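Notes to accompany the following structure.
The values are calculated or read from the model by the stated rules, or taken from the named source; none is laboratory data. Everything numeric here is computed off the predicted structure, so don't read it as measured data. Methodologically, a virtual Cβ is constructed for each residue, glycine included, from the backbone with ideal geometry; neighbour enumeration extends over all protein chains shown. In case anyone asks, the SASA skips ligands and DNA or RNA and just uses the protein heavy atoms, side chains included. Shrake-Rupley method; radii C 1.70, N 1.55, O 1.52, S 1.80 Å.
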Amino acid sequence: WSNPVLGELQNYVRDGYVMTGWFTDAVGGTQVTETTVISSDVVLYAHWEANSITSIQVKQLPAKSSYVVGDMFDTEGLILLAHYSDGTSQTITSGFTCYPKTMETSGTQEISVNYAGKTTSFDVTVKEPENILMPVFVVSDVKTKAGKTVDVTVNIQNNPGIMAAKINVFYARKKRNG
């Protein structure tokens with residue numbers, strides 16, 4: 001052998017995998033490099049490992065960033081960027097989970113996002129609910145005579161837009177003494 005070193009070794013590309021090097025056996029073996037000295041014919045085997053996600057980050061925040069206590073978190077518009085062991089990145093628009101799902105306390109709330117065993121986070125604002133006036137039904141001027149139709153007047157205070165309401169009327173008989 002006039003040139004006992006291997007010299008330049010070819011790196012191959014395989015979708016979904018990263019080449020980890022050339023070895024003397026298909027499984028295990030000794031890794032060889034360009035400077036490895038050889039003394040006879042040798043068969044080399046490429047070793048591969050699955051291309052794995054090393055980290056994730058938020059590429060685009062969700063459309064909604066302000067909530068009221070009790071609201072459910074909305075992922076619409078949330079986009080992640082997954083970084084892989086081969087140096088590539090991929091946009092992720094689904095398949096992740098976010099916690100908490102319900103906004104339970106007011107103030108700044110950290111949202112944790114998990115994807116493929118990796119986690120990142122960002123903050124949203126959670127406000128106390130405003131005082132909401134509930135509609136109040138006020139019944140007045142109930143007029144009737146035995147065997148006649150009941151006329152009822154109903155006013156709705158703090159009406160949020162109720163156009164119709166069903167009213168059930170129950171009669172209670174008075175006991176007569178004697």
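Which members of region 101-114 meet the condition of being within 14 Å of the chain's Cα centre (by Cα) and open to solvent by less than 40 Å² (accessible area, probe 1.4 Å)?
The answer is MET103, ILE111, SER112, VAL113.
Can you name the condition, by its number, that THR119 falls short on among (1) under 26 Å from GLY16 (Cβ atoms); (2) in a loop (DSSP other than H, G, I, E, B); (3) at pLDDT 95 or above; (4) of a type outside the set (A, V, I, L, M)?
Every condition holds for THR119 apart from (2).
Would a scan of region 82-96 turn up a residue that is out of contact with any helix residue (DSSP H, G or I) (no Cβ under 8 Å at 6 or more places or on another chain) and under 27 Å from LYS127 (Cβ atoms)?
Within region 82-96, one or more residues are out of contact with any helix residue (DSSP H, G or I) (no Cβ under 8 Å at 6 or more places or on another chain) and under 27 Å from LYS127 (Cβ atoms).
Tally time: how many residues in region 40-70 are within 18 Å of the chain's Cα centre (by Cα) and small (Gly, Ala, Ser)?
Number of matching residues: 5.
Taking only region 39-97 into account, find how many residues are within 26 Å of GLU110 (Cβ to Cβ), touching a residue at least 12 places away in the same chain (Cβ under 8 Å), open to solvent by 70 Å² or more (accessible area, probe 1.4 Å) and assigned to a strand (DSSP E or B).
5
Residue check: is GLU49 within 25 Å of GLY21 (Cβ to Cβ) and not aromatic (Phe, Trp, Tyr)?
Spelling it out, GLU49 is indeed within 25 Å of GLY21 (Cβ to Cβ) and not aromatic (Phe, Trp, Tyr).
Looking at SER65, SER2, which one is of a type in the set (S, T, N, Q) and at pLDDT 90 or above?
Answer to the check: SER65.
When you go through (1) within 30 Å of ASP15 (Cβ to Cβ); (2) of a type outside the set (Phe, Trp, Tyr); (3) at pLDDT below 70 one by one for GLN90, which number turns out not to apply?
Failed condition: (3).
Select from region 18-38 the residues that are outside any loop (DSSP other than H, G, I, E, B) and open to solvent by 50 Å² or more (accessible area, probe 1.4 Å) and list them in ascending order.
THR20, GLN31, VAL37
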